[in-house]
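A quick write-up on the structure given underneath.
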Amino acid sequence: QVQLVESGGGLVQAGDSLRLSCAASGRTFSVYAMGWFRQPPGKGREFVAGVSSAGGNTYYAASVKGRFTIFRGNATNTVHLQMNSLKLEDTAVYYCAAARSPMAGPLSTYNSWGQGTQVTVSS
């Protein structure tokens, strides 16, 4: 398993951009597909974006497609979520997760989770 630590959350205004980062420990990061999830206030956790273990394939929830970009650096054991044109409804705790599979999607089995980072979008 890998240990995951998210960073980069904060309070922003609608329309702003924010980049979340997730740092992974361990030497086997490149065998994991990585995903970002979020949990809005009072709601369940939902899939946001996923990237394949090699980084060449990505998958997005319809609600963020075209605004968010997931990318990873296997040399630095990191995965990022670039969030542009943020909306009020993007307010949530964001989690990164690792799946020991080639691709990370909403139905993948995630083996490791970070502790989460809060993103708050204000009007």
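Here is how the numbers come out for the structure above:
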{"quantity": "Evaluation of SER63 against (1) in contact with a helix residue (DSSP H, G or I) (Cβ under 9 Å, 6 or more places away or on another chain); (2) closer than 16 Å to SER7 by Cα; (3) among the small types (Gly, Ala, Ser) (one fails), failing number", "calculated": "(2)"}
{"quantity": "Unique residue being farther than 16 Å from SER7 by Cβ and in contact with a Gly (Cβ under 7 Å, 6 or more places away or on another chain) when the list is GLY44, GLY105", "calculated": "GLY105"}
{"quantity": "Residue in the stretch 77-96 that is farthest from ALA14 (Cα to Cα), counting only those that are open to solvent by 30 Å² or more (accessible area, probe 1.4 Å) and either among the charged types (D, E, K, R) or free of Cβ contacts under 8 Å to residues at least 40 places away in the same chain (or both)", "calculated": "GLU89"}
{"quantity": "Qualifying residue in the stretch 10-28 (condition: out of contact with any strand residue (DSSP E or B) (no Cβ under 9 Å at 6 or more places or on another chain) and either open to solvent by less than 20 Å² (accessible area, probe 1.4 Å) or polar (S, T, N, Q) (or both))", "calculated": "yes"}
{"quantity": "Matching option when the condition is open to solvent by less than 30 Å² (accessible area, probe 1.4 Å), under 20 Å from ALA14 (Cα atoms), among the aromatic types (Phe, Trp, Tyr) and touching a strand residue (DSSP E or B) at 6+ places or on another chain (Cβ under 9 Å), among PHE47, PHE68", "calculated": "PHE68"}
{"quantity": "Criterion violated by TYR59 - all others in (1) in contact (Cβ under 8 Å) with a residue 40 or more places away in the chain; (2) farther than 21 Å from GLN115 by Cα; (3) not in a strand (DSSP E or B) satisfied", "calculated": "(3)"}
{"quantity": "Cβ-Cβ under 9 Å pairs, at least 6 apart or on other chains, the stretch 26-49 side free of Cβ contacts under 8 Å to residues at least 40 places away in the same chain, far side part of a loop (DSSP other than H, G, I, E, B) and among the β-branched types (Val, Ile, Thr)", "calculated": "THR28/VAL2; ALA49/VAL64"}
{"quantity": "THR76 being outside any strand (DSSP E or B), within 17 Å of GLN3 (Cβ to Cβ), of a type in the set (Ser, Thr, Tyr) and more than 10 Å from the chain's Cα centre (by Cα)", "calculated": "yes"}
{"quantity": "Residue match in the stretch 82-96 (condition: touching a Phe, Trp or Tyr at 6+ places or on another chain (Cβ under 6 Å) and either part of a loop (DSSP other than H, G, I, E, B) or over 14 Å from TRP36 (Cβ atoms) (or both))", "calculated": "no"}
{"quantity": "Qualifying positions in the stretch 85-103 - of a type outside the set (A, V, I, L, M) and modelled with pLDDT under 95", "calculated": "ARG100, SER101, PRO102"}
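The values are calculated or read from the model by the stated rules, or taken from the named source; none is laboratory data. Everything numeric in this text was worked out from a predicted model, so none of it was measured. Reconstructed Cβ throughout: ideal geometry from the backbone, glycine too, with neighbour counts over all protein chains shown. These area figures cover heavy atoms from the full protein model, side chains too; ligands, DNA and RNA do not enter into them. Shrake-Rupley method; radii C 1.70, N 1.55, O 1.52, S 1.80 Å.
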